[in-house]
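Visitor: Please see the structure below; I have some questions.
Where a number appears in this text, it was derived from the coordinates with a stated rule and is not lab data. Remember, predicted model here, so these are calculated numbers, not experimental data. In this analysis, Cβ positions are derived from the backbone assuming ideal geometry, glycine residues included, and neighbour counts consider all displayed protein chains.
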Amino acid sequence: MGIFQILFLAIALSIDAMTVSFTQGLMFKTNKRKTSFLLALFFGFFQFLMPVIGYFCSLTVYNYLKIVNTWIIFIIFMFLGVKFIKDAFEEKQEKICCLTFMCLLTFAIATSIDALGAGISLCFAKANIWFASIIIGIITFINSLIGFWGGFLFQKLPAKYLQIFGGLILIGLAIKAIL
């Protein structure tokens, strides 16, 4: 998996964190710097950690599944891409405004579950997991900051279109895997 594919994957995986950060940016009026940094730190760390977990968990079954690894990559990325697009059209209640440790932890885990599946795909693609995970974490950190301050400054960034874009990136990666 090349650098551009990893960058596209990182951008796609960071969309959920960016969206949650955006909604928090719409609501927070005080402690904006602290809030934006904490959100970005939690989201970036968990987006780094989850692919590593998925990667090492899948190593145990890699030898048994390496014959069909291209199709596994295709299925996971296609599933995630379609899920992103489907989620973009569902009604969401994102008016949650909290900064407790448990709230940040819950947000971070919820937005990084997709990265766990991506870690499995990275294993089968024989990618350097540490490089890929660091890139994913950094991109998520940056996009979370952008999302928070975009929500604060612009108030109307269409999060729905960001999710659709992320889904299309993942579908593109799925198609590339079988080509």
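Visitor: Quick one, what does Rg over Rh come out to for the chain if you take C-alpha atoms and the Kirkwood Rh?
Guide: Over the Cα atoms of the chain, Rg/Rh equals 0.99.
Visitor: Oh, and also: Can you give the extra length, in nm with one decimal, that the chain gains between ARG33 and TYR64 once fully stretched, where that is 0.36 nm per residue apart less the Cα-Cα distance?
Guide: 6.4 nm
Visitor: Let me ask you something else. Comparing PHE45, PHE28, PHE89, which has the greatest mean-square fluctuation in the GNM of the chain with Cα pairs linked when under 10 Å apart?
Guide: Sorting by GNM fluctuation, first place goes to PHE89.
Visitor: Hey, what number do you get for the chain at 222 nm if only DSSP H runs of n ≥ 4 count, each worth -39500 (n - 2.57), divided across all residues, to the nearest 500?
Guide: Rounded to the nearest 500, it is -29500 deg cm²/dmol.
Visitor: I've got another one for you. Which of TYR55, TYR161, TYR64 moves most in a GNM of the chain, Cα contacts under 10 Å?
Guide: TYR64
Visitor: OK, next. Put a dot 7 Å past each Cα toward the Cβ at LYS176 and PHE89; how far apart are the dots in nm?
Guide: 2.6 nm
Visitor: Here is a further query. Quick one: angle between helix 159-178 and the longest Cα principal axis of the chain, in degrees between 0 and 90, rounded to 10, please.
Guide: Tilt of helix 159-178: around 10 degrees.
Visitor: Still on this structure: Using a Gaussian network model of the chain with C-alpha springs under 10 Å, which one of PHE141, PHE48, PHE37 is most mobile by mean-square fluctuation?
Guide: In this elastic network of the chain, the residue with the biggest mean-square fluctuation among PHE141, PHE48, PHE37 is PHE37.
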